[in-house]
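Coordinate-derived values only; no laboratory data. Given the structure is predicted, the values throughout are model-derived calculations rather than measurements. Counting neighbours? That spans all protein chains shown, and the Cβs are built from the backbone with ideal geometry, glycine included.
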Amino acid sequence: MQIAPLQLSVRLALLLAAVCAVFLMIGGPAEADTPGASPIEHVVKSGDTLWNIAVAHATPGSDVRRVIHDIRTLSGISGGIIVPGQVLLIPAG
């Protein structure tokens, strides 16, 4: 039995899409931190909020909420309260 060329190309396209999807799932995000990139230190000033600090250090198009999460994780803070003089670690790049 002979498979029509169109059926073969559809099957090939589906196989290629499945392989690409697997590689994307395994690879993780492309914006992973650069090895060896040290975090930036930010000293909290009166009036600072996590939101405005994250906005100031976010790259264009990035999710500010993710930057806030990264700042909280790197700085070892569990809540959203920061105080003047506190040193926060901001992810580089």
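For this structure, a couple of remarks:
- Scoring Ile77 on the criteria (1) more than 18 Å from Ala37 (Cα to Cα); (2) in a helix (DSSP H, G or I) leaves a single failure, condition (2).
- Of the residues making up the stretch 56-86, those that are of a type in the set (A, V, I, L, M, F, W, C) and touching a residue at least 12 places away in the same chain (Cβ under 8 Å) are Val64, Val67, Ile68, Ile71, Leu74, Ile82, Val83.
- Total residues in the stretch 40-73 satisfying the condition of being within 15 Å of the chain's Cα centre (by Cα) and either in a loop (DSSP other than H, G, I, E, B) or of a type in the set (Val, Ile, Thr) (or both): the figure is 12.
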